[in-house]
Every structure is written in structure tokens, then in C-alpha cells.
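The values are calculated or read from the model by the stated rules, or taken from the named source; none is laboratory data. Note that the structure is predicted; figures quoted are calculated from it, not measured. Note that we place each Cβ from the backbone using ideal geometry, even for glycine, and neighbour counts take in every protein chain shown. Ligands, DNA and RNA are excluded from the accessible area calculation, which covers all protein heavy atoms including side chains. Shrake-Rupley method; radii C 1.70, N 1.55, O 1.52, S 1.80 Å.
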Amino acid sequence: FEFLIRHSYRMRKTMMVHVKALYRDLPSRDRSVRVPADCAWNVPAPRNPWKSDEPFTETEIASMLKEGIARHGLLDFTPVSFSEDLVPGGGLSAPGGAVQAEGLPMRGRRTFYLWIEKAPAQVKLTVTAGMIAHYRDRGPAKLTLYPLNDEFGKPSAEAAVPPDGQAREVLLDTTFEGLHRLEVSDGNDMTRVNWPAGLRMVLDASLEARPTISQRWTLYFYVPPGVREIGGYASAQGSVETPEGRAAFEFPKREGFFRIPVPEGQDGKLWRLRQIGGGVYLMTVPPFLARSAEEMLLPKELVKGK
């Protein structure tokens, strides 16, 4: 208790702790601790031996970090980085066929990647904005399409969809072939985005992007050859299924990091996130989610001959 008070008082100017509240409340909550008379809150420094204005040194802070990491390891897996240079994933199959045909209702900002085989082309989407009636004053849903082969990084098309809960066809033109990035934002209302079957399009489900689909969803992800564990962070309910369609993991009610062993022979294939409520963010496998094997895009370094 004394160490806690001494430490908190020294860091009080960071505004991260309420030192007076600790002084006042903890002894009343825990009768096994007490504040000596000469250390009371109203006794000023330097007469109060528990109060010191000495700032923490770099050495002390480094020691705290080192000891904290040793005692409280965050991860029992090693995160892996993958490029966002995506290409069509060939030769994949998925148990159960295509899923999520009704589209993905989401809130806030989200990122999709899609592939244009031949240009010029027109991307046809069905978009429903303003799905939460009392948030419709936050403005339209905005869609911006970026061809990643454009050296100037300019969008090829933009669109705005009124927040009225009505499904609308949105047409986005491009004169570029290959990989495109689609940014969708809606002021944290809810917007459903749907696309034609067969359009190669994936959702960025990295920890940095942190998309949260607003209803139960089922999507596929890829486990590269040689990967022995699926690690990530989740605040979700639902399950993870192997390429054979067997349940491999059930997300617990509490949010946090998760780790799923990959059995021999189950790598180099598509796995499925099934009936998920919430967000799942992948950290040891490519963080890209697809509705079907035909629509999957993978990092170029994982696809032979690309």
C-alpha cells in the first residue's frame, strides 16, 4: 500500500491517477491498511515521507517495462506481417460454398480490396445507408475507389448514398486493372455493402483496421502452408472451423487475444469464421476475409507464379 501511494504521488502530474482518491478510499475499503499520521494527505512534502516530487528516470521506466513484460506476457504467439499487395488466390476450395450473400452491414470506416481483371470496368455495388434511423443526421455513406496501380494515388470514382435505409445501386468506374482499395465511411451509422457473386473482394480484418460487422456473419480466411497457429484478437461470439468443416475453436465471452493450433495437413487451405457476432482480427495469417474461395485475394508473396 505504501509503495502504491509513493508511486502514484510521483506520477500524479501525468493525470493518469487520482492520488487523493487512493489516499481517501483505499483504507476505508481495506481495513488491513492505514495511513500513518505523518503521511496523511494534508501533510505536505517534504515533511511527508510518502510524498516526493522526484520524476521517474529513464532507467526506472525501462526497468518497469522489462519487469512488466516478463511478468505479464501479452501474447503466446508471434504476430506475422503480410503485404497488402493482393492477387487472386488460385486452387482454393471452401466447405459449404459461398456465404454472406446478403452483404455486410458495418459502422464507421472500413476497407475492402477488390480485383479488376479487365479495364475499363464498372464496379456494381448494392449499398443501404442509414440503417440506424436515429443516426441518419450524420450524413450520407461515402464510397471511394482507389486503383493501386495509379502512381498518383488518386481515386477513380466516388459516391455518396443517402442515409434513408433504402438499397441503392452504386456504380464505380475505373480505367485500371488489378488491385483496388475501396474505402467506406458513414459517420458511425450503419451501412450494408453487397457485391455481385464472383467479384474478387475481401475485407481487411487486421488489428489496425478493426472492422466490426454489425450482425452475425460467416466468412473465410486463409492459413498459409507451414503455419502452425492462428493467433489474433477478438471481441466476438461464434466459432472457427477447419477446412473440413469441423469446429476448432469457440470464442469466449470475454474479449482478448486467442490462439488456435493448426493440425497437420490443415494448412495451405481456407478456414471459416462461422456465425460471428462482433470483431475478429487476425495476426498470424493474412487478415483478409472473403465470402467464397472464388472471391479470395491473397498477399502476392503467398501465391506461386504471381
Residues whose placed amide H lies under 5 Å from that of MET106, excluding near-sequence neighbours: THR191, ARG192, VAL193, SER214
If amide H atoms are built 1.01 Å from N in the plane of the peptide, which residues on other chains or at least 5 residues away come under 5 Å of the amide H of GLY232? PHE258, MET283
Reachable aspartates and glutamates from LYS300, Cα under 12 Å, same-chain residues fewer than 8 places away excluded? GLU84, ASP85
Need one number: convex hull volume per residue for the stretch 1-151, Cα atoms only, in Å³. 341 Å³
Rg over Rh of the stretch 186-252, using C-alpha atoms and the Kirkwood radius, what does it come to? 0.96
Computed [θ] at 222 nm, helices only, for the chain once each DSSP H run of length n ≥ 4 contributes -39500 (n - 2.57): -3500 deg cm²/dmol
Full-extension gain between VAL303 and SER63, please, as 0.36 nm times their residue separation minus the C-alpha to C-alpha distance. 82.0 nm
Based on the alpha carbons, how large is the Rg to Rh ratio for the stretch 1-63 when Rh follows Kirkwood? 0.98
Just grab the label-to-label distance for GLN122 and GLU54, each label 7 Å out from Cα along the Cβ direction, in nm (one decimal). 7.4 nm
Can you give me the angle between helix 58-71 and the longest principal axis of the chain, using Cα atoms only, in degrees from 0 to 90, rounded to the nearest 10? 70 degrees
From largest accessible area down, sort LYS269, LYS124, LYS253; use a 1.4 Å probe on the protein chains. LYS253, LYS124, LYS269
The local net charge around GLY103, scoring Lys/Arg +1 and Asp/Glu -1 for residues other than GLY103 whose Cβ lies under 11 Å from its Cβ, equals +1
Positive end of the dipole of the stretch 152-209, charges at C-beta (+1 Lys, Arg; -1 Asp, Glu), about the Cα centre: which of SER206, ALA160, THR175 has its Cα farthest in that direction? THR175
Distance in nm between pseudo-label sites at ASP150 and ARG168 (7 Å out along the Cβ direction from Cα): 2.1 nm
Sites ASP25 and HIS72 - FRET efficiency at Förster radius 30 Å, r taken between beta-carbons, to 0.05: 0.75
Can you list, largest first and rounded to whole Å, the semi-axes you get for the stretch 27-99 by taking the square root of 5 times each eigenvalue of its Cα gyration tensor? 56, 20, 12
Partner lysines for LYS13 [C-alpha distance under 28 Å; skip if fewer than 8 residues away on the same chain]: LYS51, LYS66
quick shape note, the stretch 184-306: Cα extents on principal axes in Å, largest first -> 43, 37, 25
Once the Cα atoms of helix 19-29 and of the chain are each reduced to a long axis, what angle between those two axes, in degrees from 0 to 90 to the nearest 10, is obtained? 80 degrees
What figure in square angstrom, to the nearest 10, would you give for the accessible area of LYS142 with a 1.4 Å probe? 120 Å²
Take the eigenvalues of the Cα gyration tensor for the chain, scale each by 5, and report the square roots as semi-axes in whole Å, largest first. 48, 25, 19
How large is the convex hull of the Cα atoms of the stretch 138-214 per residue, expressed in Å³ as a whole number? 122 Å³
Ranking request for peptides 131-140, 44-53: highest mean number of other beta-carbon atoms within 10 Å first, then the rest in descending order. 131-140, 44-53
Could you compute Rg(Cα) / (2.2 N^0.38 Å) for the stretch 89-159, with N its residue count? 1.42
Within the stretch 153-197, DSSP-loop GluC sites (Glu not before Pro) with at most 16 other C-beta atoms within 10 Å are GLU177
